[in-house]
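Everything on this sheet refers to the single structure shown next.
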Amino acid sequence: MTDLQEIVDAIAASCSREVDRGAVARYIPQLAHVDPMQFGIAVVTGTGEEFVAGDCDVGFSIQSVSKVFTLTLALQKVGDALWDRVGREPSGDPFNSIVQLEHEAGLPRNPFINAGAIVIADVLLAGGTPAAALDEVVTLLRQIGEDSSIAVDGAVAKSEIAHGARNMALASFMKAYGNLKNEPVEALQLYSNACAIAMSCRQLARAGRYLAWDGHNGPKGPVVTSSETARRVNSLMLTCGHYDGSGEFAYSVGIPGKSGVGGGILAIVPGIASIGCWSPGLNAVGNSMLATKALELLAARTGWSVFSGQS
Ligand code: DON
């Protein structure tokens, strides 16, 4: 393989020339102000080396990428009992769809659509306060992202809550079906604040290491979660991590990934690398247009794929 830094630099250069960058998310007003010209990538490998380019240290709203970490915590808390309340199938619908929820009696298809992540937030609340549960999520991210400055962007959280009527509808609907133990407003407080956590590509790539190394924070790093949980989270990232673009991402990139409407993607090459990539412009299904393209180029240039024996 050519030198990884050369590959990453070439990808950043190619992305900087791109004219078609998609459109930044506008339904959360605070996200509409983000400069669409930004692009960053960070690749952390098993030796602990970091290969970075572009705006890799600029913080952005991780949005639905947070769902990877909240799912991990929920599985640690309640184990397989979680699957009585959330499914494990791709939805094939937009991430904020309510139609499927009615058909399926308040049981969300998977933990990465909004409804599923709201149930996960309800599990993490466990009768406590949204602030205490949020503290648990932020503490985990500071530890595995190796940066004590990782925090919620208060302006984004406020903006999301003020414009969260649709999520309130999803939560209230699930409450009506008995699939929410806390009040919708409490589950949404935690959910929206977790989505509003800001991280850089480098912090995200570091935070994802436990998924690349069987639950360890790097090949010789401390245990973050069990190898079984890491494997299961990866499988859901691959099948459901890009909403109704999940099949396309699996086909064109070929590794587990989770996107957010802030334009970030966390991608995992098991045993090899954890990757954070970000560009704010989104494609039609709400995934970052350039981060997806960059990961496709990276997979093509390195041969990394969970479907290949040559990784
Ligand atoms: O609930 C929302 O709409 C956002 N906080 C999260 C959405 C998101 O990132 C879905 N992503 N692609």
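The values are calculated or read from the model by the stated rules, or taken from the named source; none is laboratory data. Since the model is a prediction, treat every value here as computed from it, not as a measurement. Note that we place each Cβ from the backbone using ideal geometry, even for glycine, and neighbour counts take in every protein chain shown. Areas reflect the complete protein model, heavy atoms only, side chains present, ligands, DNA and RNA absent. Shrake-Rupley method; radii C 1.70, N 1.55, O 1.52, S 1.80 Å.
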Seminar exercise, completed: A careful count of residues in segment 1-40 that are open to solvent by less than 30 Å² (accessible area, probe 1.4 Å), assigned to a loop (DSSP other than H, G, I, E, B) and modelled with pLDDT under 95 gives 4
Exercise. Of the numbered conditions (1) open to solvent by less than 40 Å² (accessible area, probe 1.4 Å); (2) charged (D, E, K, R); (3) modelled with pLDDT of 95 or more, Glu49 satisfies every one except a single condition; which is it?
Worked result: (1)
Problem set entry | Residues that are open to solvent by less than 10 Å² (accessible area, probe 1.4 Å) and away from the ligand (no atom under 16 Å from the Cβ), drawn from segment 202-224 | Ala205, Ala207, Gly208, Tyr210, Leu211, Ala212, Gly215, Gly218
Problem set entry | The one condition in (1) touching a helix residue (DSSP H, G or I) at 6+ places or on another chain (Cβ under 8 Å); (2) of a type in the set (Asp, Glu); (3) modelled with pLDDT of 90 or more that Asp84 fails to fulfil | (1)
For this session: Could you look through segment 98-120, keep only residues that are within 19 Å of Ser64 (Cβ to Cβ), more than 18 Å from the chain's Cα centre (by Cα) and not β-branched (Val, Ile, Thr), and pick out the one that is least open to solvent (accessible area, probe 1.4 Å)?
Result: Leu101
For this session: Could you tell me whether Ala169 is away from the ligand (no atom under 16 Å from the Cβ), of a type in the set (A, V, I, L, M) and over 23 Å from Arg231 (Cα atoms)?
Result: no
For this session: Would you tally the residues in segment 30-55 being over 24 Å from Ile268 (Cβ atoms) and either among the aliphatic types (A, V, I, L, M) or under 20 Å from the mean Cα position of the chain (by Cα) (or both)?
Result: 6
Exercise. Just wondering, is there one or more residues in segment 181-188 that are open to solvent by less than 70 Å² (accessible area, probe 1.4 Å), among the polar types (S, T, N, Q) and within 16 Å of the ligand (Cβ to nearest atom)?
Worked result: no
Exercise. Among the residues of segment 226-238, is any within 16 Å of the ligand (Cβ to nearest atom) and either farther than 16 Å from Ala117 by Cβ or over 13 Å from the mean Cα position of the chain (by Cα) (or both)?
Worked result: yes
Problem set entry | Test: residue in segment 237-244 that is at positive phi and surrounded by 21 or more Cβ atoms within 10 Å (Cβ to Cβ) | yes
Seminar exercise, completed: segment 97-151: helices (runs of 4 or more DSSP H) wholly inside it with 2 or more residues that are closer than 22 Å to Pro256 by Cβ are 114-125, 130-144
Exercise. Which one of these is under 24 Å from Ala162 (Cα atoms), open to solvent by less than 30 Å² (accessible area, probe 1.4 Å), away from the ligand (no atom under 16 Å from the Cβ) and touching a residue at least 40 places away in the same chain (Cβ under 8 Å): Val43, Val123?
Worked result: Val123
Seminar exercise, completed: Residue pairs within 6 Å by beta carbon, gap of at least six or interchain, first lying in segment 94-106 and of a type outside the set (Val, Ile, Thr) and within 13 Å of the ligand (Cβ to nearest atom), second open to solvent by 40 Å² or more (accessible area, probe 1.4 Å) and at pLDDT 90 or above, listed first then second, are Asn96/Arg166
For this session: Please find, within segment 244-283, the residue that is nearest to the ligand (Cβ to nearest atom) out of those that are hydroxyl-bearing (Ser, Thr, Tyr) and closer than 18 Å to Glu18 by Cβ.
Result: Ser259
Exercise. Only one residue in Phe51, Phe60 is over 23 Å from Ala25 (Cα atoms), in contact with a helix residue (DSSP H, G or I) (Cβ under 9 Å, 6 or more places away or on another chain) and among the aromatic types (Phe, Trp, Tyr). Which one?
Worked result: Phe51
For this session: Determine which member of the set Gly254, Gly286, Gly264 is under 18 Å from Phe112 (Cβ atoms), surrounded by fewer than 24 Cβ atoms within 10 Å (Cβ to Cβ) and not hydroxyl-bearing (Ser, Thr, Tyr).
Result: Gly286
